[in-house]
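> Encoded as structure tokens, here's the structure I'll be asking about.
The values are calculated or read from the model by the stated rules, or taken from the named source; none is laboratory data. Being a predicted model, the structure only gives us computed values, none of them experimental. Heads up, the Cβs are rebuilt from the backbone with ideal geometry, glycines too, and the neighbour counts pull from every protein chain shown. Only protein heavy atoms, including side chains, enter the accessible area calculation; ligands, DNA and RNA are left aside. Shrake-Rupley method; radii C 1.70, N 1.55, O 1.52, S 1.80 Å.
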Amino acid sequence: MPSPLLPTEPEPAAPRRILVVEDSPLNQTLVTAILAPAGYRIETAGNGLEAVMAAQDGGFDLILMDVSMPEMDGLTATRLLRGLPGAAGRVPVVAMTADVGDGDRARCREAGMNDHVGKPIDRAQLLDTVARWLRPAAEREIPAPCAAAAADEDGGVLDPEVLTQLAQDLGAELLGEVLRQFVAETRERVERIAGLSDLALLTREAHTLKSTAGTFGARSLCAAARALEMACRDGAAAPAEALRGDIPHLAGEAIAAYRAAGYLD
């Protein structure tokens, strides 16, 4: 007599596949550290061109796209992605940007982006946004756009809330490692800023410094980089020159504050 068929366990669902497009290795590390423990499969690209090449074959469920990058920015990359045939051209694209004003959100939408998360990266917002865009379309609840985050509040050199959240997300050992990378990257960037006279190049360096300094809680340095970026965008050469002179001192203050707080040896 044949043995009865036993019920079989359903095949476990494959992890959802997310492409993180970010020119900063530090931000790649941070986003991966937040998303990977939630069960997502993370792959990375360093600029928009790499993202388009990676996405051509399809297979990604979501793309997190930095907006300001060398080689090809996130807006151009998204326009190219939207021209791809099939599922590759329809994958949700979420902007990651420190610029969250109404005009910035409009440019993201016009390029074909679906949503955005602000920088510095907020763990809860990132996880919620990713989970929402990975649901079936009929189940998504898209919140009304939030007002841009308020400017940096008065306070010390470092933002203790940001650093406390990073310690929870990364653990003490990994946080120390990425802060050492941030310090090395910042020293190189400060040297480049000191030697630049082209306002367009200076704008890009200030933008990236604003983003990374904010991500790692260097509050005063982030505010100065933001002011430098705005002055450069406005073509205000004299204010930009004065602001540029503040950057090395503020970077040194931030590094000293990390050490004093025990985050760095």
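> Can you give me the number of residues within region 213-241 that are at positive phi and touching a strand residue (DSSP E or B) at 6+ places or on another chain (Cβ under 8 Å)? Walk me through it before giving the result.
Here is the first cut: in region 213-241, the residues at positive phi are 217, 235.
Still in the list and also touching a strand residue (DSSP E or B) at 6+ places or on another chain (Cβ under 8 Å): 217.
Of the residues in region 213-241, 1 are at positive phi and touching a strand residue (DSSP E or B) at 6+ places or on another chain (Cβ under 8 Å).
> Can you pull out the residues in region 184-225 that are aliphatic (A, V, I, L, M) and within 23 Å of D122 (Cβ to Cβ)?
Scanning region 184-225 gives A206, L209, A213, A218, L221, A223, A224, A225.
> Then there is this: Across region 189-216, what is the number of residues that are in contact (Cβ under 8 Å) with a residue 60 or more places away in the chain and either farther than 24 Å from D73 by Cβ or among the polar types (S, T, N, Q) (or both)?
4
> Being in a helix (DSSP H, G or I) and without any contact (Cβ under 8 Å) to a residue 40 or more places away in the chain is the filter; apply it to region 169-188 and report the residue that is nearest to G74 (Cα to Cα).
That would be E188.
> Write out, first by first residue and then by second, each pair whose Cβ atoms fall under 8 Å of each other, whose residues are 6+ apart or on separate chains, and whose first residue, in region 49-64, is open to solvent by 50 Å² or more (accessible area, probe 1.4 Å) while the second is part of a helix (DSSP H, G or I).
Qualifying pairs under 8 Å: L49/A77; Q56/A88; D57/A88.
> Cβ-Cβ below 7 Å, separation at least six or inter-chain, first residue in region 112-134 and closer than 19 Å to Q168 by Cα and open to solvent by less than 20 Å² (accessible area, probe 1.4 Å), second part of a strand (DSSP E or B) and among the hydrophobic types (A, V, I, L, M, F, W, C): which pairs?
L126/V117
> Among residues belonging to region 189-226 that are part of a helix (DSSP H, G or I) and of a type in the set (D, E, K, R), point out the one that is least open to solvent (accessible area, probe 1.4 Å).
Of all residues in region 189-226, those part of a helix (DSSP H, G or I) come to 189-195, 199-215, 219-226.
If we keep only those that are of a type in the set (D, E, K, R) too, we end up with 189, 191-192, 204-205, 210, 219, 226.
Details: R189: 25, E191: 140, R192: 99, R204: 117, E205: 30, K210: 10, R219: 41, R226: 80 Å².
Going through the qualifying residues, I end up with K210.
> Same structure again: For region 75-107, what are the residues that are closer than 22 Å to T208 by Cβ, touching a helix residue (DSSP H, G or I) at 6+ places or on another chain (Cβ under 7 Å) and modelled with pLDDT under 90?
Residues satisfying the conditions are T97, A98, R107.
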